[in-house]
Amino acid sequence: MATIPTPTPPRQSAIDGSPNRPSPDPHGSNRIRRTDPHPVKVRRSRAGSAWVGICIAALVLVALIIFMLQNTQPALVSFLGMQGSVPLAVALLIAGVGVGIIALAIGTIRITQLRRRLRDDNGGAR
């Protein structure tokens, strides 16, 4: 008659998740902590914000390149008595840049106006 072997207890490394012996915890606990119960909130930095902005700009640039490659058929453009044929993507790109320049000019005028008003309200002191 065959005998059933008795199960061996699991190794400590299988219980606590470490291949080595756990180092003693300064707080008195020998178990390994996977995460801190009170994580430290990291403040945002200018470099991090710039990195996010660069990543978004790169994605927009890729989308713009795909758009330009897909819209190469010629379009007839008339402006101030001039007339010509350019690829549709180039015409739309030039129009978009023109709108951006106008928005930039209006925004600059408004910011200058608000700064001047703030300076005048404070009596010229900074």
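Taken together, the values in this text are just the output of simple stated rules run on the coordinates, not laboratory data. Predicted model only: the values in this text are computed from it and were never measured. Please note: Cβ atoms are built from the backbone with ideal geometry, for glycine as well, and neighbour counts cover all protein chains shown.
Taking Cβ atoms as reference points and 12 Å as the exclusive limit, the residues near ILE109 contribute a net charge of +3, counting Lys and Arg as +1 and Asp and Glu as -1. By the Kirkwood approach, averaging reciprocal distances over each pair of separate Cα atoms, the range 45-89 gets a hydrodynamic radius of 13.0 Å.
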